[in-house]
Amino acid sequence: MNLWIILKCFTREILNKIINHFSKNPKKSQGQKIFRIKKPIIFIFTMIYNHLNETLKRYIKIVLLENKNHITAYHCGSASKQSGFSFKFSGLGENSYALGPGIYFATEPEAAKLYCKYIQNPVLLKVEINMSGIYDPFRGQPEDMRGISTKIVEQVKKDFNLASLKKGSSLKDGPWDFGDIAKTIGKPKAREYFLEFGFNGLYTNLPIGGLEISVFNLNSIKILEEMSL
């Protein structure tokens, strides 16, 4: 885990909490706002300690998840243990294809439930995901998959006789090269190229904790349990 990223996230979040607390507790006096806090120094250090403790627990949990070959995750949708998963209805969530043209999962069930509002008669599926070939494009992990997306870009340009690719949207198509490829040749065809070059999916850390995973290879998913909501 990149320590610099942890420190930046921690600093940003703790400052936001302090500012929000102050802004919600103003008291006007002689035309100026003062904060109704008897012991501001103790308050600030207590908040820093509590938030640091929460942040470290969250990132330690993420590190442990990343080092597993198979992890448990959750998906809110209309699939079932009988029907399995299909790409037909993927990308209907609020972020569309922010991690490329896959089926989306979260390692925290509460995070997965946020997508239930897009589904009629949703069910929560508990699954096991094989993390082999699933890449974090934001941190370049695992390291042996770095730079492969550039090779895919060159192959797509060669196969389709293109001088350059269209610029994809980071939310609608995917991050960087992955988004450009999906925007240029379409999501189903892009998924074929990703699989050919060894990408079974993409993942990233969620601000609320855990991982979000976009899976391109249906063989990487095993449904464990179907739970009604």
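Every number in this text was worked out from the coordinates using simple rules, so none of it is lab data. A quick note: this is a predicted structure, and the numbers were derived from the prediction, not measured. As a convention, Cβ positions derive from the backbone with ideal geometry for all residues, glycine included, and neighbour counts pool all protein chains shown.
Results, tabulated for the structure shown:
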read-out: Amide H contacts under 5 Å for residue 211, placed H, 5+ residues apart; value: 107, 108, 206
read-out: Under 15 Å, Cβ to Cβ, from residue 164 - net charge with Lys/Arg +1 and Asp/Glu -1; value: +1
read-out: Qualifying trypsin sites (Lys or Arg not before Pro) in segment 161-229, DSSP loop, other Cβ atoms within 10 Å at most 16; value: 166, 167, 172
read-out: Residues 164, 170, sorted so that the one with the fewest Cβ neighbours within 10 Å comes first; value: 164, 170
read-out: Chymotrypsin sites (Phe, Trp or Tyr not before Pro) within segment 83-165: DSSP coil, no more than 16 neighbouring Cβ in 10 Å; value: 138, 160
read-out: Least to most buried among 90, 83 (fewest other Cβ within 10 Å first); value: 83, 90
